[in-house]
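Structure first, then comments.
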Amino acid sequence: MSEALAPAAARALADGRVAAIIDVREAKDFARGHPAGALSVPFSPRGLGERVRVAIPAGAAVVLLAADDATAEAAATQVGYVGIGVRGFVAGSIAAWHAASQPERSTGEVDLNELVELPQLSGEATLIDVREPIEWSTGHVPGALLIPLGRLRETLPDVPRDSRVVAICEAGLRSSTAASILEAAGFSRVAHVPAGTGGYRKAGLPLAFPGAEEAR
């Protein structure tokens, strides 16, 4: 059994860089409100450990925040399987965090109507596509920059801090993780696209395709 931590204890571990807070609730719940500095990695029955590994700094331990204790335990099991240390989970989830008056943050969400109007090329907003190159080659939102999620941390110095940064993936899960990484790194104007490129494509909106050199 993982240790149930009071919100203040979980925050102390995060502030001391002993452990990163991983919020495994759904992306839409994370967007509405989460512990400041937490990373969003929505729960799934399989593959969670590897997705957490991509999200956290190398060698970091984690504290989990889940919708309920059963999900926290299931997440801890998966994360432990890949060798990541689990220091515990936030007892009482986000409600307890809020009741304890611990610092919170929300993440902006961009719908498709707003997405097509983003001034991506004017310097006012930067749209980053965090899918893999093979996905990118099947079509992307015009004006987007390709930065696969696994390379985002090393690429942070190249992401403009003086503009709004919007993350997009295929279905709104990796983009939530990307937005949380950006927030934790101190970017102040961050959002993601819940509908993802999949929703954009289904809406019949125009796609751009990389040239032959870029695709390679």
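A few comments on the model shown:
- Count of the stretch 120-162 residues which are of a type in the set (Asp, Glu) and touching a residue at least 60 places away in the same chain (Cβ under 8 Å): 2
- The stretch 157-189, residues that are surrounded by 15 or more Cβ atoms within 10 Å (Cβ to Cβ) and in a helix (DSSP H, G or I): ARG174, SER175, SER176, THR177, ALA178, ALA179, SER180, ILE181, LEU182, GLU183, ALA184
- Apart from one condition, ILE128 fits all of (1) at pLDDT 95 or above; (2) in a loop (DSSP other than H, G, I, E, B); the exception is (2).
- Enumeration of residues in the stretch 27-55 that are without any contact (Cβ under 8 Å) to a residue 40 or more places away in the chain and surrounded by fewer than 22 Cβ atoms within 10 Å (Cβ to Cβ): PHE43, SER44, PRO45, ARG46, GLY47, GLY49, GLU50, ARG53
- Any hit, the stretch 194-207, residues being assigned to a loop (DSSP other than H, G, I, E, B) and within 29 Å of PRO35 (Cβ to Cβ): yes
- Here ALA99, ALA144, ALA179, ALA125 are screened, and the one residue that is of a type outside the set (Val, Ile, Thr), touching a Lys or Arg at 6+ places or on another chain (Cβ under 8 Å) and at negative phi is ALA125.
- The residues in the stretch 117-137 that are surrounded by 14 or more Cβ atoms within 10 Å (Cβ to Cβ) and not aromatic (Phe, Trp, Tyr) can be counted, and the count is 12.
- Only one entry in LEU182, LEU152, LEU173 is within 13 Å of the chain's Cα centre (by Cα) and farther than 24 Å from GLU124 by Cβ, namely LEU173.
The values are calculated or read from the model by the stated rules, or taken from the named source; none is laboratory data. For clarity, every value in this text was computed on a predicted model and none was experimentally measured. When we count neighbours, we look across all protein chains shown, and the Cβ atoms used for this are built from the backbone with ideal geometry, even at glycine.
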